[in-house]
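All remarks here apply to the structure that follows.
Readers should treat all values here as calculations from the given coordinates under stated rules, not as data from a laboratory. Predicted model, so just to flag it, every value in this text is computed and none were measured. Cβ sites come from the backbone with ideal geometry, for glycine too, and all protein chains shown count toward neighbours.
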Amino acid sequence: MTQTLSTQDRIKIYQASPELFDAMMALSTAAAKDVDPQLGELIKIRASQINHCAFCLDMHTRDARKIGVSEQKLDVLAAWAEAGDLFDETERAALALTEAITELGHGGVSDDVYEDAAAVFSDRELGQVIALAVTINAWNRINAAVRTAPPRR
């Protein structure tokens, strides 16, 4: 039988390695530069849903609400591809690319997904969207490894 460690039994990684937190924050800031904040939150939430990162889901859904992302979009984000025209072309391209990066398989990001994103984003924007998806995946994996729980409110 496998023993499950509680959150309290895991390392407090950002206390043990504050330079890791600082580096991740710098990467997060750089990745988010020039990305529409609402789109950025949708990217972060979708990757966090896939990765089951409760801490990031809690943080980014609250942040999304604060900046005006609609409750309806947040309610159906996990099924965005089936949501008709609720999500615009840019959001759909970013979410498809985010899912492909998050669920990276042997084939990597497909040409179709990449080309759809490249068709709606400038090179600069595309690079930022890719970096944003990569960055939230890194945060998700760190927080999942140490079981960072959302704060109780």
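Details
- Between ASP34 and SER17, full extension at 0.36 nm per residue minus the direct alpha carbon distance yields a gain of 3.2 nm.
- Top positive-direction residue, dipole computed over the chain with Cβ charges, set ALA64, ALA31, SER17: SER17
- Other residues with beta-carbon under 13 Å from the beta-carbon of PRO150 carry, at +1 per Lys or Arg and -1 per Asp or Glu, a net charge of +2.
- Förster-model FRET efficiency, 22 Å R0, ASP58 and ALA81, C-beta, rounded to 0.05: 0.35
- Estimated distance in nm for a label pair at VAL120 and LEU104, the labels positioned 7 Å out from Cα along Cα-to-Cβ: 2.3
- Tensor-based shape of the chain (alpha-carbon gyration tensor, a/c under 1.5 rounded, otherwise prolate or oblate): prolate
- Using only side-chain charges placed at the Cβ, +1 for Lys and Arg and -1 for Asp and Glu, the dipole size of the range 52-149 relative to its Cα centre rounds to 700 debye.
- Highest average packing first - 41-47, 89-95, 123-129, 75-81, Cβ atoms within 10 Å: 41-47, 89-95, 123-129, 75-81
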